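Before any comments, here is the structure.
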């Protein structure tokens with residue numbers, strides 16, 4: 001966050017921030033967004049492009065960009081990095097097989113310069129499934145204690161998009177963290 | 001705080017300049033937005049949010065310093081050596097995590113009160129929080145050093161770092177990955193998936209669904225590395241993964257979550273569910289009822305048709321899951337999206353099946369007694385048999401109608417021709 005962007009934020013009429021929701025396909029990104037927004041989650045189909053939702057949470061306007069996670073369209077993620085305040089990384093906790101893919105993609109994002117200042121919120125989704133990994137296991141598998149995450153504000157929260165548990169805690173942390181970084185001087 | 005006076009002065013100058021710029025900005029936006037500016041609104045809101053903390057600088061500083069000192073004190077209670085025993089480690093971690101919480105609380109407190117504090121107080125409070133966090137981090141590194149991250153299954157002989165740097169040499173990484181996965185799976189299969197069938201060939205697994213809806217499974221299922229087999233699993237599942245199947249037939253009841261198919265060849269899959277995601281799959285027929293259109297990625301030779309099988313208790317099962325109420329019970333199997341085909345015309349990687357045509361070979365009935373396939377031809381044949389039976393009965397009861405019946409039969413056979 002440079003000074004200019006802070007000033008821009010101060011100038012903005014509302015406390016507005018831009019969140020980017022990413023993760024492998026079948027992680028539950030769209031389900032999290034729709035559940036948080038109180039929409040029907042039964043008819044969700046795999047995301048072909050992206051969804052945008054503006055949520056109002058605790059006095060903040062959150063512009064959420066939910067971009068599809070299929071392998072073919074992951075290369076387009078970078079088009080959405082600009083001016084992102086927070087990155088929400090969604091992990092399918094029941095998918096042990098692809099956790100290494102998950103780590104690779106996350107590492108790739110973390111090395112992106114445009115996302116350098118963004119807070120990172122990791123949702124360990126699908127905790128309602130019997131075979132789900134715990135947050136500790138996922139944290140270890142993603143290497144969250146490594147050097148790359150030393151300088152970043154990050155948090156990991158267990159959640160179930162279908163049942164709704166954990167979503168609020170995650171969003172609360174996100175808004176707190178962003179506000180402490182950006183809206184300090186407003 | 002060990003900066004030399006000159007550099008301190010320089011940084012103060014820079015900060016003063018930036019503050020002046022901000023002040024100008026604030027002033028101009030204020031002027032534009034009149035007295036009901038958003039800033040004022042936000043401040044008012046913040047005041048409401050923080051009604052507990054009083055609005056004066058001394059009160060803020062007092063509570064800030066109290067928390068700060070308390071946290072420092074709690075940190076000083078940790079011995080500056082590595083915590084060896086699990087108990088010591090646990091207690092240290094507890095203290096550290098509560099210290100981190102306190103620090104973040106201080107930070108948000110500062111943020112919340114920043115509108116009435118002067119910039120110097122804000123900055124010095126921020127600095128204190130930063131120092132505190134740095135100190136916590138330092139203690140953490142000494143007292144509870146983090147375990148070196150390593151994949152458990154790779155511990156035997158394979159150095160992780162060398163593996164990491166050699167990631168360009170793909171083949172070796174792939175083999176490593178696959179072996180580690182296998183080990184991982186074999187050690188974890190008991191609790192990883194509530195139901196798992198893996199590494200089978202030529203097997204016929206039949207699990208007829210439990211009849212009362214209360215006993216439906218609702219757990220996740222995985223079928224992996226299987227060839228030439230048939231699975232009849234007429235139950236309700238939470239999520240299903242089919243991986244690396246070859247030449248198999250899979251009959252599933254209902255899948256409440258996604259049905260995830262990867263690396264499957266020459267199979268037939270029957271299922272009802274919400275989502276169907278297919279990757280790296282060739283020559284597979286899907287007979288499905290889906291609430292949303294299936295997606296395919298890197299696939300070819302797929303065919304999609306309706307869920308055309310019947311089994312005992314199917315209605316009750318579908319009813320209990322509520323799958324048919326979604327989307328008004330519309331089956332979206334035909335709405336296939338191909339990620340590897342961006343043109344407007346239909347992707348060549350899949351076709352739709354006319355299930356009612358028995359030629360499509362939906363199922364080899366002799367293979368399976370639990371499920372029945374409803375094709376148009378079979379329905380016709382059944383109707384004809386029924387008719388014949390009726391006719392025979394009539395003949396038996398009324399010999400006079402024999403001629404008439406014979407005529408009718410002729411007509412029928414002509415029709416059939």
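The values are calculated or read from the model by the stated rules, or taken from the named source; none is laboratory data. Quantities reported herein were computed from a predicted structural model and do not represent experimental measurements. Positions of Cβ are generated from backbone atoms using ideal geometry, with glycine treated the same way; all protein chains shown enter the neighbour counts.
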The lone condition residue A:184 fails out of (1) modelled with pLDDT of 85 or more; (2) surrounded by fewer than 21 Cβ atoms within 10 Å (Cβ to Cβ) is (1)
Quick count over the range A:148-179, residues being more than 28 Å from residue B:145 (Cβ to Cβ) and facing chain B (nearest Cβ under 10 Å), is 3
Taking the range B:124-147 and keeping only residues that are within 12 Å of chain A (Cβ to nearest Cβ), crowded, with 16+ Cβ neighbours inside 10 Å and part of a helix (DSSP H, G or I), one is left with B:125, B:126, B:129, B:133, B:140
Given the criteria assigned to a loop (DSSP other than H, G, I, E, B), in contact (Cβ under 8 Å) with a residue 12 or more places away in the chain and touching a strand residue (DSSP E or B) at 6+ places or on another chain (Cβ under 8 Å), does residue A:124 qualify? no
Residues of the range B:315-340 being closer than 19 Å to residue A:45 by Cβ and exposed (fewer than 15 other Cβ atoms within 10 Å of the Cβ), in sequence order, are B:322, B:325, B:328, B:329, B:330, B:334, B:335, B:340
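Using the structure shown, decide if residue A:134 is out of contact with any helix residue (DSSP H, G or I) (no Cβ under 9 Å at 6 or more places or on another chain) and closer than 16 Å to residue A:92 by Cβ. Spell out how you get there, then give the answer.
Working: out of contact with any helix residue (DSSP H, G or I) (no Cβ under 9 Å at 6 or more places or on another chain): yes; closer than 16 Å to residue A:92 by Cβ: yes.
Here the answer is yes, as residue A:134 does meet what is asked.
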Residues in the range B:282-316 that are farther than 19 Å from residue B:242 by Cβ and touching a helix residue (DSSP H, G or I) at 6+ places or on another chain (Cβ under 7 Å) total 1
When the range A:133-147 is checked residue by residue, the ones that are more than 10 Å from chain B (Cβ to nearest Cβ) and either under 17 Å from residue A:27 (Cβ atoms) or surrounded by 14 or more Cβ atoms within 10 Å (Cβ to Cβ) (or both) are A:134, A:135, A:137, A:138
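Here's the yes/no breakdown for (1) within 14 Å of chain A (Cβ to nearest Cβ); (2) outside any helix (DSSP H, G or I); (3) at pLDDT below 70:
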position: B:44; (1), (2), (3): yes, no, yes
position: B:53; (1), (2), (3): no, yes, yes
position: B:69; (1), (2), (3): no, no, no
position: B:81; (1), (2), (3): no, yes, no
position: B:88; (1), (2), (3): no, no, no
position: B:97; (1), (2), (3): yes, no, no
position: B:100; (1), (2), (3): yes, no, no
position: B:104; (1), (2), (3): yes, no, no
position: B:107; (1), (2), (3): yes, no, no
### Task
Evaluate the range A:154-163: report whether one residue or more is surrounded by fewer than 18 Cβ atoms within 10 Å (Cβ to Cβ) and under 21 Å from residue A:30 (Cβ atoms).
yes
Of all strands (runs of 3 or more DSSP E) fully inside the range B:240-304, the set with 3 or more residues that are touching a strand residue (DSSP E or B) at 6+ places or on another chain (Cβ under 7 Å) and more than 14 Å from residue B:333 (Cβ to Cβ) is B:249-265
Among B:327, B:331, the single one that is within 11 Å of another protein chain (Cβ to nearest Cβ) and closer than 25 Å to residue B:233 by Cβ is B:327
With the first residue restricted to the range B:192-204 and required to be within 14 Å of chain A (Cβ to nearest Cβ) and under 15 Å from residue B:221 (Cα atoms), and the second required to be surrounded by fewer than 16 Cβ atoms within 10 Å (Cβ to Cβ) and modelled with pLDDT under 75, Cβ contacts under 8 Å at 6 or more apart or on different chains are B:196/B:189; B:198/B:189
Selection from the range A:147-180 of residues more than 25 Å from residue A:34 (Cβ to Cβ) and in contact with a helix residue (DSSP H, G or I) (Cβ under 9 Å, 6 or more places away or on another chain) yields A:148, A:149, A:150, A:152, A:153, A:180
Query raised in the report: Does residue B:111 meet the test of being touching a helix residue (DSSP H, G or I) at 6+ places or on another chain (Cβ under 7 Å) and within 14 Å of chain A (Cβ to nearest Cβ)?
Result: yes
Meets criteria (surrounded by 14 or more Cβ atoms within 10 Å (Cβ to Cβ) and in contact with a helix residue (DSSP H, G or I) (Cβ under 6 Å, 6 or more places away or on another chain)) for residue B:96: yes
